[in-house]
Amino acid sequence: GSFTVILNYTELFPPTVNVPSDMTVSTSSSSGDNVWFDVTATDDVVYTDSTVSPIATCSPAAGSLFLIGPTTVTCTASDRLGNIGTETFTVTVTLTDVIKPTVNVPSDMTVYAPTSSGDNVEFEFSATDNVNVTSGPTCSPASGSFFLDGSTTVTCTASDAAGNTGTASF
C-alpha cells in the first residue's frame, strides 16, 4: 500500500529586524536634518524558490527630515506567511549652533545738536539668529544717550544660546 504525506509548514517566528543602535546627529539648522540609516531583515524560513527574503520598512524612513529632539523610528518586516517582526530605535537631533547673530544697525548718522556740547540721540537696532537671540542686542553708547559734539562709534552686540556673539558698529 501507499499513502500521501502533505507537509504544511507553519512558521511561528516573525522575521528578525536589524536596526542600528540609538543615534545622535548634530545639525546647525534649527529646522532639523535629514538622517540616513540602514535596516535589514532576516527570516528563519529557507526560501528555495525565487521569493526574496523580507524587506524592512521604517517610519519615518531613512533620509527623512528629523526635527530637533528625539524621534522613535519603528521598522517592520513581514514574511510570506504573514508573520511580522518589529524593532525600534531612537534618532536624537541636536542643534550645534555655529552661526553668530546678525546685528542690524542704522547707517552712519549725522545729528545736528541744538547746542555745541551735544545732544541725546535715539536710534533703532535689532538682532536675528538662526536659533534665537538670548542676550541683547545692546549698544554702547545706548540709544538715547547723550552724545558729545564730534564723531562717536556705536557698537552693538547680541548673543545666542550657543554662546555665539555678533557685533555691528556705526
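One table, with the values for the structure above:
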{"item": "Candidate set: the range 121-149, residues that are assigned to a strand (DSSP E or B) and among the hydrophobic types (A, V, I, L, M, F, W, C); chosen: the one farthest from Lys100 (Cα to Cα)", "result": "Leu148"}
{"item": "Number of positions in the range 59-94 that are open to solvent by 30 Å² or more (accessible area, probe 1.4 Å) and without any contact (Cβ under 8 Å) to a residue 60 or more places away in the chain", "result": "15"}
{"item": "Options Thr134, Thr152; residue that is within 22 Å of the chain's Cα centre (by Cα) and open to solvent by 60 Å² or more (accessible area, probe 1.4 Å)", "result": "Thr134"}
{"item": "Residues (in contact with an Asp or Glu (Cβ under 9 Å, 6 or more places away or on another chain), under 17 Å from Ser169 (Cβ atoms) and open to solvent by 70 Å² or more (accessible area, probe 1.4 Å)) located in the range 105-128", "result": "Val111"}
{"item": "Subset of the range 17-39 [more than 21 Å from Ile84 (Cα to Cα) and open to solvent by 60 Å² or more (accessible area, probe 1.4 Å)]", "result": "Asp22, Thr24, Ser26, Ser30, Ser31, Asn34, Trp36"}
{"item": "Residue under evaluation Val105, criteria (1) under 30 Å from Asn18 (Cβ atoms); (2) modelled with pLDDT of 95 or more; (3) β-branched (Val, Ile, Thr), criterion not met", "result": "(1)"}
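Listed here are the residues, each with its yes/no results for (1) farther than 21 Å from Phe146 by Cβ; (2) basic (Lys, Arg); (3) in contact with a strand residue (DSSP E or B) (Cβ under 6 Å, 6 or more places away or on another chain); (4) part of a loop (DSSP other than H, G, I, E, B).
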site: Ala61; (1), (2), (3), (4): yes, no, no, yes
site: Pro70; (1), (2), (3), (4): yes, no, yes, no
site: Thr94; (1), (2), (3), (4): yes, no, yes, no
site: Ile99; (1), (2), (3), (4): yes, no, no, yes
site: Asp108; (1), (2), (3), (4): no, no, no, yes
site: Val111; (1), (2), (3), (4): no, no, no, yes
site: Asp119; (1), (2), (3), (4): no, no, no, no
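The values are calculated or read from the model by the stated rules, or taken from the named source; none is laboratory data. What you are looking at is a predicted structure, and each value in this text was computed from that prediction instead of being measured. Please note: Cβ atoms are built from the backbone with ideal geometry, for glycine as well, and neighbour counts cover all protein chains shown. Side chains are part of the model used for accessible areas, which takes the heavy atoms of the whole protein and leaves out ligands, DNA and RNA. Shrake-Rupley method; radii C 1.70, N 1.55, O 1.52, S 1.80 Å.
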